[in-house]
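Each remark here refers to the structure printed beneath this line.
Read the figures in this text as sums done on the coordinates, not as results from a lab. Computed from a predicted model, the values in this text were never measured in an experiment. Every residue, glycine as well, gets a Cβ built from its backbone with ideal geometry; the counts of neighbours run over all protein chains shown.
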Amino acid sequence: MDPKLPIAPAQPAAEERLASEILERVRELAALRLGKEPPFVPGETPVRYAGRVYDSAEMVNLVDSALEFWLTAGRYAKKLETELAAWYGLRSASLVNSGSSANLLAFSALTSPEWKERRIRPGDEVITVAAGFPTTVAPILQYGAVPVFVDVSLPTYNVDVKRLEDARSPRTKAVFLAHTLGNPFDLEAVSAFCQRHGLWLVEDNCDANGSLYQGRKTGTFGDLCTLSFYPPHHMTTGEGGAVLAKDARMAAVVDSIRDWGRDCWCPSGKDNTCGKRFSWRLGELPSGYDHKYTYSHLGYNLKLTDLQAAVGLAQLAKLEGFGRARRENWAFFREALAGLEEFFVLPEATPGSDPSWFGFLLTPREGAPFTREEVVRELEDRKVQTRMLFAGNLVRQPALTALAADARERGASAPYRVSGPLDATDTIMTRSFWFGVYPGLAPAAREYVAEVLTRFVRSR
């Protein structure tokens, strides 16, 4: 157990001894389970696009939390929030149950009455890209705001910043963008655009935990940052995520909406930290109505459990090392596949950035002697997992085409707006794919992937 953790409830000597014995046996089990990696067999051993990487520290923390049996957010969650905020150099980190919930919470925070005329209201617009993951956009639509889709540019696969001014309207209130596969978007240009027009900036940092732009961590430029701790991501709690905020007012709004929308800030299991629990007068409630049941927002329950936070605390200690491994694996592929540039658009880091890469993205060039389907089938047949760049083009997904069709039937406009052509987005939808660079990728496995790709191209 980490001696720096908040103090656990005192245990009788017999219980403490038993708990110590259990944790020691967990360390032994971890050594047996994780001590020997089976040899990589080309064509037989699956090369996964991602996966959890852990050791005895995660297992011990998890069992220690289980023995305490504090099932909601507790001391491990508090410690992880404190250390995660410190790692980013930000005011606060609020743990949630998924990266999708993190995006929902971040967007919802911008609709708070706290921000008066700056708050996002139904009908207001949020600039984003169509080449991304749906839960960056879903909260905007679900609230009744309007996502405005702009195109991206290859080979960074991030927002084409030249399109931002044309996308803005008098109703634009925010920009909500993800760093594609760990590659930072042009934060200098996007930040300047937001500052020039008084817009909120939300960084979806779910695929870029540990990436750098001009020497500074992504997630620290915007008003809010979102993270995902799903197993494929840079660190994992199984399910889980976080929202990071720069200032105390924003942090208070985020925590309120995460915790049912309540006005009270007492942690679970504690009462009356304000000293006037029965003395508040808010809204049209009677004077003295219990502050624990007073709600300043329409919120949710999106909290992480302490069991998950226990795993995350051990993972956070490894995050720098995970990032080094991702960078090394990506650099290997960039060099090993350089000879295939005639046939593929090879990915490039955004100028001024140092990505902690989530995957290695390839786009067969127009006129290449093979299709994406053919090269993906070859890789999958050889036990190499591949993935598309998420939704491809969101406006062509059935969820959004159905919304547009429903609007047409009612004589209304689509609940989203497209600013300019989405040519690069359509290219990604029809031709792009990626494979993994995660820290568990063995050198023999990555060499095998490069060999399969090179052999396939030469055969054509």
Calc'd 3J(HN,Hα), segment 26-37, phi into Karplus 6.51 cos²θ - 1.76 cosθ + 1.60 (θ = phi - 60°), Hz, glycine/Pro = x, comes to 4, 4, 5, 4, 4, 4, 5, 6, 10, x, 10, 8
Using a cut-off of 10 Å between beta-carbons, work out the net charge of the residues near Arg91 (Lys and Arg +1, Asp and Glu -1, Arg91 not included).
+1
In straight Cα distance, which lysines are under 29 Å from Lys36, not counting same-chain residues fewer than 8 positions off?
Lys318, Lys383
Quick one: work out the % antiparallel among DSSP beta bridges in the chain, nearest 5.
55 percent
So if we plug the beta-carbon distance of Glu341 and Arg171 into 1/(1 + (r/R0)^6) with R0 = 41 Å, what FRET efficiency do we get, rounded to 0.05?
0.45
Take the Cα of Arg324, step 7 Å along the line toward its Cβ, and report every residue of segment 418-460 whose backbone nitrogen sits under 17 Å from that point.
438-443
So, in nm, how far is label Glu284 from label Cys266 when the simple model puts each one 7 Å beyond its Cα toward the Cβ?
2.7 nm
Order 187-197, 32-42 from most to least packed using the mean count of other Cβ atoms within 10 Å.
187-197, 32-42
Amide H contacts under 5 Å for Val384, placed H, 5+ residues apart
Val47
For the peptides 451-460, 243-252, what is the packing order when you average, over each peptide's residues, the other Cβ atoms within 10 Å and list the highest mean first?
243-252, 451-460
Computed ³J(HN,Hα) along segment 109-114: with the Karplus parameters 6.51/-1.76/1.60, θ = phi - 60°, integer Hz and x for glycine or proline, the list is 4, 7, 8, 5, x, 3
Give the label of the value calculated from the structure for Cα extents along the principal axes in Å, choosing from (1) 76, 64, 41; (2) 90, 53, 36; (3) 63, 63, 43.
(1)
Using the charge dipole of the chain (Lys, Arg: +1 at Cβ; Asp, Glu: -1 at Cβ; taken about the Cα centre), state which of Val137, Gly51, Leu212 has its Cα farthest towards the positive end.
Val137
Given R₀ = 35 Å, FRET efficiency for Glu188-Ala414 by Cβ-Cβ distance, to 0.05?
0.65
In terms of modelled amide H atoms, which long-range or inter-chain residues lie less than 5 Å from the amide H of Tyr295?
Asp263
At R0 = 41 Å, how high is the FRET efficiency between Arg377 and Asp247 if r is their beta carbon distance? Nearest 0.05 is fine.
0.25
Please list the non-local residues whose amide H lies under 5 Å from the amide H of Phe358, H modeled 1.01 Å from N, same-chain partners needing a gap of 5 or more.
Gly182, Asn183
Applying the Karplus parametrisation 6.51 cos²θ - 1.76 cosθ + 1.60 with θ = phi - 60° to the phi angles of segment 307-318, what ³J(HN,Hα) value in whole Hz is obtained for each residue in order, glycine and proline being reported as x?
4, 5, 4, 4, 5, x, 5, 5, 5, 4, 5, 9
Could you sort the peptides 326-332, 106-112 by per-residue average Cβ neighbour count (10 Å cutoff), highest mean leading?
106-112, 326-332
State the extension gain, in nm to one decimal, for the chain segment bounded by Ala317 and Gln142, taking 0.36 nm per residue of separation less the distance between their alpha-carbons.
59.4 nm
Checking the cross-link filter: which lysines have an alpha carbon closer than 23 Å to that of Lys246, excluding same-chain neighbours under 8 positions apart?
Lys78, Lys79, Lys116, Lys173, Lys217, Lys303
Contour minus end-to-end for Glu15 and Arg460, with contour as 0.36 nm per residue of separation and end-to-end as the Cα-Cα distance?
153.5 nm
Quickly estimate the mean residue ellipticity at 222 nm for the chain, helices only: each DSSP H run with n ≥ 4 gives -39500 (n - 2.57), and the total goes over all residues, rounded to 500.
-12000 deg cm²/dmol
Could you work out how much longer the chain between Lys78 and Glu451 gets when fully extended? Use 0.36 nm per residue separation minus the Cα distance between them, nm to one decimal.
129.7 nm
